Every structure is written in C-alpha cells, then in structure tokens.
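Here is the structure we will look at, set down as structure tokens.
The values are calculated or read from the model by the stated rules, or taken from the named source; none is laboratory data. None of the values given here were measured: they were computed from a predicted structure. For neighbour counting, all protein chains shown are included, and Cβ atoms are generated from backbone atoms with ideal geometry for every residue, glycine included. Please note that ligands, DNA and RNA were not included when accessible areas were found on the heavy atoms of the full protein model with its side chains. Shrake-Rupley method; radii C 1.70, N 1.55, O 1.52, S 1.80 Å.
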Amino acid sequence: MTDMKDFRPSRRGFLGLAAGAGALAAAGTAQEVQAQVATSAHIVILGAGAAGTALANRLVRRLDGARITIVDGRKEHWYQPGFSLIAAGLKAPNYSVSQTTDWLPSGVELKQDFAANIDPEAKTVALQGGEVLSYDYLVVATGLTLDHAAIEGFDLDLVGKEGIGALYAGPDYAAKTWQAAQAYTETGGVGLFTRPVTEMKCAGAPLKHTFLIDDIARKAGGRSKMDVHYMAQNDTLFGVPIVSEKVRMLFGQRQITPEYSHVLKAMDPGAKRATFATPQGDVEMDYDYIHVIPPQRAPQVIRDSGLSWADKWVGEGWMEVDMANLRHLRYPEVFAVGDIAGVPKGKTAASVKWQVPVVEDHLVAQIAGTTADSAYDGYTSCPLITRVGRAMLVEFDYHNNLVPSFPGIIAPLEELWVSWLMKEIALKATYNAMLRGRA
C-alpha cells in the first residue's frame, strides 16, 4: 500500500490531501510576487459564489488602483459540494454555510443586491434596488437557477415530506431530503432518483445520492425491501463513456435499475405518482421515495441580456464564451466563469479552480495591453461516492479523456477509501483556499 506521505499532486492536484497544502501555499506565494498592473479600470463581478469570490481575491493582488465591485444579494455562502453528504445524514446543514463577507478581501466593494438588467452595449448593470453601475470589464459568475416550476405539481415546501427529496435546493433542503430518504431506507418500497435533461452543476450528484441511500439501507439491513430506479436523462449514465460503463456495472451489482431517457415532468404528491417524458411518450410511475433534481438554467437576467448562446443550449441561456479563455465572443470586455459559462464541461467547484486563473490572466493582460496564453481545457472533477467510505476520483477534460491527478497511485475507476477522504475531508480545505485566491 502506498503511504499517504508519498503523494505528489500534479498540476491538476485540486483534490490533494495534506501533501497538497504545501503546493497550495506555494501557489499563493508565487502569485503574490507577480508585478502588479496599474489601472483605474472598474471591474464588476456578478456573483459572490466560488468563482466570483476566488477571482476577486486574485485580482486585488494583481491590480494596483483598480475599482472592483462584486454584486450578490445573498448573505450566505454555500459550500455546495457538501450537500450530498448532508442529504445522506453524514453532515449537519451548517457544514455548508458561511457568510459571503467572510471570504471577500479588503478593497473590494460589495453591493448586496442582485442584477436586474445588463446592457453590454452601454456597459452598465442595473441593480434591483435601482442603482446603475458602469463598468470597464464585466465578469459574470452568477451561477445557475434551479427551475423547480418546470416540474408540474412539485413545490419546495414538499421536501422532506411524503417521500420527497431535493438536495440541490440548499443545505436546509438537503437536511430535509435526508429525513425523507432515511424513512425510505427503513420502510422500503420504490425509489426514483431523477436527473434533468438540461446541463447541470455536478452531474455526479444524482448518482452519489443513489449510491449513498442504497449503501445506507444495506448497512441497516433494509435493502431487500427497496426497489431502486435511476432515471437517466438519455441513454447514458454519465457523460464520459468509460465512467458511464463503470456505473452501469455497479448498478448491476447492486440491483439498481437504470431507466434510460426518463425525464421527470410532473408529480402528484398525494398519489405518490411521477410522470416521465420518454421517447415513446409519457410514462407514469408510483413511488415511495423520489429525489427531484429540476432543470437548470442561466438566471433570467442573463437570458435577457443578449449574452447567451443563440444556437446552443437553447432555452438554457449559458453565456457565449470562448471555451479556452472564457471571454465573450462578441463583447471582449466581458468574461464568464463557473456554472454560467457556456462551455461543454465545467460545472463543478474543481472546474472553477482551473477556470479562475485563466480569466484572471486574460483580464489582467487585456488591461495591460498585452495577451495571455493560459487556457482552460475543460478540467472537471467528480469524487463519485459509491458507498459510505468509498469513492472514485473521476477527472476528465473537454474530450472525455481521463486526466488523473495521481496517475499510478489512485486509479480513477476504483472504489477507494482515499478518494472518499478527499471528498469528505480534503476537498473543503482546498475549496476554502481557492476562495481566498490561494489555490
């Protein structure tokens, strides 16, 4: 067995354990010694989530004299990778909650409000409170919107009751999801675990919840009473073919039935019946537990701004950016970072880790009147939990190539305890370092 002290994170070592801490600190130190660029530019960042906060922390160290304004009306910062653990009873809701102001650097102005209108021609952002901000550069890091209204009969007030879960909606809803899921592991019956047809953040989360509830029931001795179905949005179980096949094999071993091309469209909570759109027409299925993940789209303000793709992801509204440098294709002073970016991969916290320095480099170079070579290659990481105490560390790029951080040490398609530790222990520390602009 390889000793943990022998681990050496590669360039992609976002999920390193203690051995990665030195590398992260070194990265922060290296950034600090870069020469600052003098500028009076006004940079507006929409969103104080992982992407917006990490970028703000890096820009204050790269720019001298810039005015940086970050806009976000939410007072709480959510560590979203923790939601799956909360929804399995493994963490309390406060595990994922801090304050937005805890992470913002001095010298950055916070507008605790939401954008109401973006005019990229006039280079202005109007806030819901009426204030209008002019910008020289705009970074959109708003994240995405959960479209619960798209599922007829569903309401967030139902979560935790009558066998209904919805962990994506927030830490409190993740905790309520565990209430419903725990009851299901005890009483049994039919469980339906859904996934939307739209692009979504952390596409492994539906699988994690399925695997965790299955494993918890097994350990409690109640699995024989359960009939578990995973409702796939198309004819695959994961966007990377080799990972999809591995999941299919695990489902076979654990008596989890995949239902391909079944997209949730409506529910009758009183009757405990769900309606799915399929290529053959609508199909109704009764359930004792259902986990609801709604369609996910760009916030309405982005869809109304003219910044979205017109011919891709129609109806979803992701921003039209170059997939390598994340600069808008029609408005060169506008960038997108995080979930809102219209690129083929990259709606995870690990993706943010590699996107933010690319946007930083190109934005600073543009201010300085030069160019940058850094590029985002679609890096996405999913510590895919398959049991309590086991996970697969799946990392891939735009081309569905597996790009392991620890080749020869951690096999990406093996269920390993060390991959679980990275998810349960190391990931949050590295995420916090990222927020500070140190990773």
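3J(HN,Hα) couplings calculated from phi for the stretch 351-364 with the Karplus curve 6.51 cos²θ - 1.76 cosθ + 1.60 (θ = phi - 60°) are, in sequence order, 5, 4, 3, 9, 6, 4, x, 5, 4, 4, 4, 6, 5, 5 Hz; Gly and Pro show x. According to the Cα-based calculation, Rg over Rh for the chain is 0.97, with Rh computed by the Kirkwood formula.
For the stretch 148-295, the relative contact order works out to 33 percent when only alpha carbon pairs closer than 8 Å and six or more residues apart are counted. Beta bridges per DSSP, both residues in the stretch 117-231: antiparallel share near 55 percent. With a Förster radius of 56 Å applied to the beta-carbon distance between Arg273 and Thr371, the computed FRET efficiency rounds to 0.45.
Restricting the calculation to Cα atoms, every distinct pair contributes to the Kirkwood radius of the stretch 148-295, found to be 15.1 Å. Based solely on its DSSP helices, what 222 nm [θ] is calculated for the chain when runs of n ≥ 4 H residues each add -39,500 (n - 2.57) and the sum is averaged over all residues, nearest 500 deg cm²/dmol? After summing the helix terms and dividing by the residues of the chain, the value is -8000 deg cm²/dmol. Here the contact order of the chain, divided by its residue count and restricted to Cα pairs under 8 Å and six or more residues apart, works out to 19 percent.
How do the peptides 189-195, 235-241 rank, highest first, by the average count of neighbouring beta carbon atoms within 10 Å per residue?
Listed from highest to lowest mean packing, they are 189-195, 235-241.
You can think of it this way: the chain between Glu284 and Lys225 has 19.1 nm of extra reach, that is 0.36 nm per residue less the Cα-Cα gap.
How much length would be gained if the chain were fully extended between Asn432 and Asp172, taking 0.36 nm per residue of separation minus their Cα-Cα distance, in nm to one decimal?
91.5 nm
Where does helix 205-220 land angle-wise versus the long Cα axis of the chain, in degrees 0 to 90, nearest 10? Result, in degrees: 40. For the chain, the share of DSSP beta bridges that are antiparallel, to the nearest 5, is 50%. Of all the options Leu402, Leu250, Leu138, the one that moves most in a Gaussian network model of the chain with Cα springs shorter than 10 angstrom is Leu250. Looking at the stretch 148-295, the DSSP beta bridges with both ends there are about 40 percent antiparallel.
The Cα center of the stretch 113-142 and the Cα center of the stretch 315-373 differ in position by 18 Å. Dividing the mean sequence gap of close Cα pairs (under 8 Å, 6+ apart) by how many residues the stretch 353-430 holds gives a relative contact order of 23 percent.
Averaged per residue, the chain has 39 square angstrom of accessible surface, using a 1.4 angstrom probe with ligands and nucleic acids left out.
Rounded to whole numbers, the Karplus 3J(HN,Hα) couplings from phi for the stretch 41-57 are 4, 9, 10, 9, 10, 8, x, 10, x, 4, 5, x, 5, 4, 5, 4, 5 Hz, using 6.51 cos²θ - 1.76 cosθ + 1.60 with θ = phi - 60°, and x at Gly and Pro.
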